[in-house]
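Below is one structure, written out as structure tokens, with a few remarks after it.
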Amino acid sequence: MSDEKKKTSIGKKILNIFDVGVTSFSFLMVFIAFMISIVSRYFIRVAVSWTYEISILGYMWAMYFGVAKCMETDSHVVFSLMYDKLGFKGKKFCYILNNAMLAVLLIICIYPSIKSWASSKMVTGVLKIPYKAAFFPFFYMVIMVIIRACINICKGIHNDIPGNENEELFDAAAEAGSEIEEKLAEGKGGNVE
């Protein structure tokens, strides 16, 4: 394995730890906090206030780190009713436009977000966790989504749109098929070029 491939492999493993590992750990913390809350409230009859805060923070962290992985694997939720009806060129245009708008809007939001985050002196209500620590993963999400959107734009330009690997071939075959049908309808049977 070449040095470049090793570096890429190590980089992907590190990102995978963040994207999958932190997301999984965050969901685990949410689950444990819920279970502690349920057991303490209904069986021990004592409310534990910190479990709600842990579950909210765990869910936020799972979302922030999970979004980056969803962008990489193109497994985020989409409403594609109209998109699915488009031909390859329409899908390519929408794919590039969607990723471009996403990248531009997130780039615009970076400065105000950092300014607000840096000036925050607030802490969470129960555990007194500084908001700077609680919301730091937001910036990881923004940076990773911008990078992934730029990669997706390049893929779209090179006709590598997810789920449409053979779409160009189907469009070309459909156009050729309609030409053949037209010639047959005109009565020119035989050799069709």
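None of Ser113, Ser119, Ser80 is over 22 Å from Lys12 (Cβ atoms), of a type in the set (Gly, Ala, Ser) and open to solvent by 70 Å² or more (accessible area, probe 1.4 Å) except Ser119.
Of all residues in region 13-44, those that are exposed (fewer than 12 other Cβ atoms within 10 Å of the Cβ) and among the charged types (D, E, K, R) total 1.
In region 87-136, of all residues being polar (S, T, N, Q) and in contact (Cβ under 8 Å) with a residue 40 or more places away in the chain, the one that is farthest from Ile147 (Cα to Cα) corresponds to Thr124.
Close Cβ contacts (under 7 Å, 6 or more residues apart or on different chains) running from residues in region 42-55 that are in contact (Cβ under 8 Å) with a residue 24 or more places away in the chain and under 14 Å from Ser26 (Cβ atoms) to residues that are open to solvent by 40 Å² or more (accessible area, probe 1.4 Å) and of a type in the set (Val, Ile, Thr) comprise Glu53/Val126.
The values are calculated or read from the model by the stated rules, or taken from the named source; none is laboratory data. Model, not experiment: these values are computed from the prediction. Neighbour counts run over all protein chains shown; Cβ positions are idealised from the backbone, glycine included. The accessibility values were calculated without ligands, DNA or RNA, using every heavy atom of the protein model including side chains. Shrake-Rupley method; radii C 1.70, N 1.55, O 1.52, S 1.80 Å.
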